[in-house]
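> Provided herewith is a single structure, encoded as structure tokens, for subsequent inquiry.
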Amino acid sequence: MANSRNPQLNNVSSRVENILHEQIQKDDHLVLGLSGGVDSVVLLSILVPLSLKLRFKLTAFHVNHGISPNSNEWEKFCLDLCSKNSIPTETAKLKIRKLSGTSLEANARDARYQEFKNIKADYVILAQHLDDQAETLLLQMLRGAGVKGLGAMPVVRNQMPKIGEQALDTGPQILRPLLKVSRSEIEDYAQNYKLSWITDESNNNVSFDRNYLRHKIFPLLERKFPAYRTTFLRTSQHMAETSCLLDDLAKFDSEECLVSNQIQIKKLQKLSFSRAKNLLRYDLSQRGATLPSTAKLEDMLRQLLSSRLDTKLHITFGDTEVRSFKGSIYVGKISILPNKEWKFIWKGEKKLEITEKGDSVRFVREKGKGINLQKLKEGPIIIRSRLGGERMRPDCNRPRRSLKNLFQEALFPQWERESLPLLFSGENLVWVPGIGVDCAFQAGVSDPGLIVSWHPISD
């Protein structure tokens, strides 16, 4: 692509290059989210020569939301544009529906980011810019967002959090190299290089919140406060820093308040209300829960703080449930128990999906540990739900006991007992999550062993 003699235009390209130089490594795979609009088209024109200079792999990804009657034409435009620049391209066709209590715009965005999570790459590159950042910040303020929400969009972020100390498969990182470049600079760049792009007719529809700000509110701000974009950016950076400090505080409090990865109510009660709320919000976020409103979070916290050791709370919001049991707080996805008994036969797989529940059971072979594999061969290996009346002997120094008594002794939460997968060899109960392996099936030091683990849907 042609080089410009305009220093301002060259500055746009150099700012993108500087950010890439800081973030990426040689041979990284970058996938550009290409809508076909002026922002992503400009970013494509900058990334193509940079891919040769910085030696990274560049591909494009177009999401066809199917909302506009022109959606298929936009998809073809993107495919043709990438073909001209010899850039491999993938597309995804979606069917976006407006759900009760949500906007079509928000649903489309959530669906788009879900597609980004599934991309196999090091980075997904998005063309969001300085004006987008200003719009995001003001929208978050109008929605009453907290400190984290007011941090708006970072230049780079992981797409999914951690649950406890276990790192999840996060997918590619999101990278926004145009975040300090204004919309007018991008449009000037496109016109200078005589680039072609598509225009989404919905961008003029002021019934969408973001468009209303763009067309009605920001022109007024521009007249009185021409530097509002950079001011808003600075504010979002301050909020992002504050959010990091609050997370650091929550991590510190977690070390004091968590036992066996569960918040202890007695320890939570020793914190100030604000500090306890910060810890609870952080814990929910780390476990992948959709955060409740501030009012819901505060009400939930008050119930937890006022509860006694024998109090059994059950609070739900979205797809998440919070329970208290024996002074501990349990967070997980809302359980959907099957209406009927379920049973699977293990045939040696490393992972067995329990489709009725969304859980999985995993198997690792290790000599001298877990279940004696030789004894398992005596009958079919069955994974099934609890029916009642099961008995086992996990401690060889104690008699055989009912599974109910073993659960009670282990202080197993009542709601989890019915959802556990049980492993049988023929009619013999061999393994129960959280209880262990029956004495008769335990592997000796020299025996071929099998370690079995249960992974609920919330993991």
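> If I filter region 367-382 for residues that are among the small types (Gly, Ala, Ser), out of contact with any strand residue (DSSP E or B) (no Cβ under 6 Å at 6 or more places or on another chain) and touching a residue at least 60 places away in the same chain (Cβ under 8 Å), do I get at least one hit?
no
> Being assigned by TED's automatic domain parsing to the domain that holds residue 20 and either in contact with a Gly (Cβ under 9 Å, 6 or more places away or on another chain) or buried (at least 16 other Cβ atoms within 10 Å of the Cβ) (or both) is the requirement here; does residue 205 meet it?
No.
> What are the residues in region 215-247 that are more than 29 Å from the chain's Cα centre (by Cα) and of a type in the set (A, V, I, L, M), if any?
217, 220, 221, 227
> Looking at region 299-308, is at least one residue at pLDDT below 85 and either in a helix (DSSP H, G or I) or outside the structural domain of residue 440 (by TED's automatic domain parsing) (or both)?
Yes.
> In the set 284, 279, 268, which member is at pLDDT below 95 and closer than 20 Å to residue 325 by Cβ?
Testing whether each residue is at pLDDT below 95 and closer than 20 Å to residue 325 by Cβ leaves just 284.
> Go through region 421-457 and give me each residue that's modelled with pLDDT under 85 and of a type in the set (A, V, I, L, M, F, W, C).
Answer for region 421-457, where residues must be modelled with pLDDT under 85 and of a type in the set (A, V, I, L, M, F, W, C): just 457.
> Go through region 382-412 residue by residue and tally those that are crowded, with 18+ Cβ neighbours inside 10 Å and closer than 29 Å to residue 314 by Cα.
7
> Right, next: Search region 303-326 for residues that are within 19 Å of residue 276 (Cα to Cα) and pair each with any residue that is surrounded by 12 or more Cβ atoms within 10 Å (Cβ to Cβ) and of a type in the set (Phe, Trp, Tyr) when their beta-carbon atoms are under 6 Å apart and the residues are at least 6 apart or on different chains.
What qualifies is 323/330.
Residues are listed down the side, and each one gets a yes or a no for (1) among the aromatic types (Phe, Trp, Tyr); (2) in contact with a Cys (Cβ under 8 Å, 6 or more places away or on another chain); (3) crowded, with 17+ Cβ neighbours inside 10 Å:
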| site | (1), (2), (3) |
| --- | --- |
| 217 | no, no, no |
| 223 | no, no, no |
| 226 | no, no, no |
| 229 | no, no, yes |
| 239 | no, no, yes |
| 247 | no, no, yes |
| 256 | no, no, no |
| 268 | no, yes, yes |
| 281 | no, no, yes |
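> So which residues in region 26-58 are within 23 Å of the chain's Cα centre (by Cα) and more than 23 Å from residue 131 (Cα to Cα), if there are any at all?
Of everything in region 26-58, those that are within 23 Å of the chain's Cα centre (by Cα) and more than 23 Å from residue 131 (Cα to Cα) turn out to be 28, 29, 30.
> In region 438-447, how many residues are surrounded by fewer than 17 Cβ atoms within 10 Å (Cβ to Cβ) and out of contact with any Asp or Glu (no Cβ under 8 Å at 6 or more places or on another chain)?
Total satisfying the criteria: 4.
> Also: Condition check: surrounded by 15 or more Cβ atoms within 10 Å (Cβ to Cβ), out of contact with any Cys (no Cβ under 7 Å at 6 or more places or on another chain) and modelled with pLDDT under 90. Does residue 376 satisfy that?
When the stated conditions are applied, residue 376 passes them.
> State yes or no: is residue 435 outside the structural domain of residue 329 (by TED's automatic domain parsing), surrounded by 15 or more Cβ atoms within 10 Å (Cβ to Cβ) and more than 25 Å from residue 262 (Cβ to Cβ)?
No: the conditions fail for residue 435.
> Still on this structure, I have one more. If you check every pair at least six apart or on different chains, which have Cβ atoms under 7 Å apart with a residue in region 420-447 that is in contact (Cβ under 8 Å) with a residue 60 or more places away in the chain and of a type in the set (A, V, I, L, M) first and a residue that is in a loop (DSSP other than H, G, I, E, B) and surrounded by 14 or more Cβ atoms within 10 Å (Cβ to Cβ) second?
437/394; 443/369
> I'd like to know if region 294-310 contains one or more residues that are of a type in the set (A, V, I, L, M, F, W, C) and exposed (fewer than 13 other Cβ atoms within 10 Å of the Cβ).
Yes: region 294-310 contains one or more residues that are of a type in the set (A, V, I, L, M, F, W, C) and exposed (fewer than 13 other Cβ atoms within 10 Å of the Cβ).
> Name the residue that is nearest to the chain's Cα centre (by Cα), counting only residues in region 151-168 that are modelled with pLDDT of 50 or more and in a loop (DSSP other than H, G, I, E, B).
Ranking the candidates gives 160 first.
The values are calculated or read from the model by the stated rules, or taken from the named source; none is laboratory data. Predicted, not measured: the structure shown is a model, and the values here were computed from it. Quick reminder, even Gly has a Cβ in these numbers, built from the backbone with ideal geometry, and neighbours come from all protein chains shown.
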